[in-house]
Each structure stands twice: as C-alpha cells, then as structure tokens.
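Some notes on the structure that comes next.
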Amino acid sequence: MMDKASKTGLIRHLILIVVGVVLIYPVVFMVFASFKDTNEIFTSTKLLPKLWHGENYTNGWKSGATGVVTFTNFFLNTFKLVIPVVAFTVVSCTLTAYGFARFDFPGKKILFPVLISTLMLPNTVIIIPRFMLFKNLGWLDSYLPFLVPALFAVYPFFIFMIIQFLRNVPSTLDESAKIDGCSSFQILIHILVPLLKPALFSAGLFQFLWMWNDFYNQFIFINSPKKFTLSLGLRLSIDASTEAVKWNEVMAMSVCSIIPLFILFFCAQKYFVDGIATSGIKG
C-alpha cells in the first residue's frame with residue numbers, strides 16, 4: 001500500500017506529465033507536419049506522415065518571398081539584429097543596475113519606482129509615440145529603432161533582475177577593492193561582472209528569445225523584404241503565395257527557425273537557471 005506522501009508525489013508527477021505532453025505536442029506536430037504534403041496536414045489525423053517529404057525543407061528555404069529573398073537572408077538579418085541588441089542591452093542594463101544598486105544620487109528614490117512602473121506599460125501604449133519619433137528621425141525601415149534604445153537601458157525587467165542579484169553581493173567586496181585602489185568602473189569590471197555571469201546570461205537569453213520571436217515591432221518598423229527577419233519572412237511566405245499556401249514548407253521553415261533557440265537554451269541552461277535562482281525573481 002502507498003502512503004499519503006507517495007500518492008501525492010505520484011499525482012504531482014502525473015499532472016506534470018500531462019501538462020508537459022500538452023505543451024510539447026504542438027512542437028512535435030509541427031516537426032512531423034513539416035515532412036507531410038499540405039493536404040495530409042489537414043486531412044490526416046495521424047501524427048506520422050504517410051510519405052516523408054524531405055524536399056519541403058529545400059523548397060521552403062529557396063522559395064522565401066516568392067523566390068526574391070531566401071531564408072538565408074532572413075536568418076542573416078535576424079542575427080544582424082538580435083546579436084547587437086542583446087549585447088547592447090546587457091551592457092547598458094548592467095551599468096544602470098550598478099548605478100542604482102551601489103550609488104546614492106539625488107532623485108534615486110523617485111527614479112527607481114518610475115523605472116519599475118514602466119514595466120506595467122503595454123507595448124501598444126507606446127508604439128505610436130515611438131513610431132512618430134523614429135519617423136521624424138528617419139529611422140524607419142532600418143534596425144536603428146531596436147539598436148539605439150538598447151544602448152540606453154530601456155528594458156527595466158533586466159535592470160531589476162540585475163539589481164536583485166547585486167543586492168546579494170556583499171558591499172564589503174567593493175570596499176576592499178577601493179582600499180586596493182580600484183575605481184568604481186574597475187570594481188564593476190573585475191569584481192562584480194564575474195559574479196554577475198548567471199544574471200547576465202539570463203538577461204541575454206531572455207532578450208535573445210524575445211527579439212528572435214518578435215513580430216509586432218519588427219512588422220511596424222521594417223518594410224523592405226531584403227531587411228526582413230525570420231518572423232517577418234515566415235509571414236511574407238504566407239502572404240506572398242499566389243496559389244494555395246504551402247503549409248508544409250511553412251512548417252519546415254518554422255522548425256528551422258526554432259533550432260537556434262533550442263541550441264542556445266540547452267547550452268546556456270545552467271547559467272539561466274542559476275541566474276533566475278539567485279536574482280530573486282520568482283516564477
């Protein structure tokens with residue numbers, strides 16, 4: 001006979017298994033659907049394809065936006081946008097968090113709540129002012145609306161996360177470094193940044209995922225197909241079809257688009273978990 005604790009543990013595991021299957025099934029379906037033909041995707045209830053069509057990947061990759069731009073361009077554009085934004089975000093948010101966590105300056109008690117309150121602003125509220133600003137600056141149809149704001153720490157979530165991590169680092173380390181002649185910048189670079197690695201990896205990974213999957217903002221600010229990222233390229237592949245949409249090729253390119261995310265997450269999983277656990281962010 002199972003005791004009460006064992007029954008509770010078994011129920012929890014069963015619930016986790018069911019939830020896991022529900023969450024992973026759309027991804028599994030997409031992978032197998034990428035090897036089917038379009039008719040079979042919508043007519044067959046079987047998960048496995050009757051015939052495996054590997055050419056869906058080659059045809060989908062070459063077709064792109066009606067053959068004008070291939071998915072090679074979409075992948076390269078995505079990396080050109082995402083990698084600098086991630087780097088700029090990590091650097092700017094680290095400097096800002098360091099200022100709030102370690103220094104006292106006039107207006108700090110007012111500025112920090114204002115900074116955190118911006119977390120509650122939905123993107124739809126600020127999208128029109130941002131669009132008008134970037135239009136007047138002549139930045140539309142470029143990556144500047146993403147790169148320049150990232151230089152000025154416009155992501156309060158990452159600032160808050162790094163501040164929470166810094167609060168767990170004893171200030172005595174800073175004082176000891178000052179006695180040894182280190183400046184504030186040297187303390188940050190040589191003392192705190194090595195300790196901040198888990199938090200910085202978490203911030204970078206979050207930003208990479210958000211920018212990689214972003215469609216709404218990229219759709220607003222980028223207009224030229226030659227500058228389209230993967231999310232816009234997938235949408236364009238659907239809109240540009242003069243005949244019936246080739247959903248098998250769309251599924252194949254969708255699978256290709258998530259492969260870098262899986263690789264990145266599993267490679268940085270240790271730092272990601274450590275960063276969330278030590279920054280005070282609760283799920």
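The values are calculated or read from the model by the stated rules, or taken from the named source; none is laboratory data. Given the structure is predicted, the values throughout are model-derived calculations rather than measurements. Using ideal geometry, Cβ is built from the backbone for each residue, glycine included, and neighbour counts are taken over all protein chains shown.
Go through the range 85-141 and report how many residues are hydrophobic (A, V, I, L, M, F, W, C) and touching a helix residue (DSSP H, G or I) at 6+ places or on another chain (Cβ under 7 Å).
Result for the range 85-141: 17.
Could you give every pair whose Cβ atoms fall below 7 Å, whose first residue belongs to the range 180-208 and is within 19 Å of Ala150 (Cα to Cα), and whose second residue is loosely packed, with under 13 Cβ neighbours inside 10 Å and at pLDDT below 90, counting only separations of at least 6 or pairs across chains?
none
For the range 169-194, which positions are surrounded by fewer than 16 Cβ atoms within 10 Å (Cβ to Cβ) and either in contact with a strand residue (DSSP E or B) (Cβ under 9 Å, 6 or more places away or on another chain) or hydrophobic (A, V, I, L, M, F, W, C) (or both)?
Leu173, Ile179, Phe185, Ile189, Val193, listed by residue number.
Under 7 Å by Cβ, and 6 or more places apart or on different chains, what pairs join a residue from the range 44-60 that is farther than 11 Å from Ser34 by Cβ with one that is surrounded by 14 or more Cβ atoms within 10 Å (Cβ to Cβ)?
Leu47/Phe32; Leu48/Phe32; Lys50/Glu40; Asn59/Glu249
Restricting the search to the range 65-82, which residues are surrounded by fewer than 17 Cβ atoms within 10 Å (Cβ to Cβ) and in contact (Cβ under 8 Å) with a residue 40 or more places away in the chain?
Result: Thr66, Val68, Lys80.
So, in the range 227-261, how many residues would count as being at pLDDT below 90, among the basic types (Lys, Arg) and part of a helix (DSSP H, G or I)?
Qualifying residue count, the range 227-261: 1.
Applying the selection to the range 151-177, what residues are charged (D, E, K, R) and in contact with a helix residue (DSSP H, G or I) (Cβ under 7 Å, 6 or more places away or on another chain)?
Arg167, Asp174
Based on what the data block shows, is Leu95 farther than 27 Å from Phe206 by Cα, of a type in the set (A, V, I, L, M, F, W, C) and more than 20 Å from the chain's Cα centre (by Cα)?
So Leu95 does not fit the description; no.
Quick one: how many residues across the range 52-93 are assigned to a loop (DSSP other than H, G, I, E, B) and at pLDDT 90 or above?
Number of matching residues: 3.
Restricting to the range 174-214, give me the number of residues that are in a loop (DSSP other than H, G, I, E, B) and in contact with a His (Cβ under 9 Å, 6 or more places away or on another chain).
Number of matching residues: 1.
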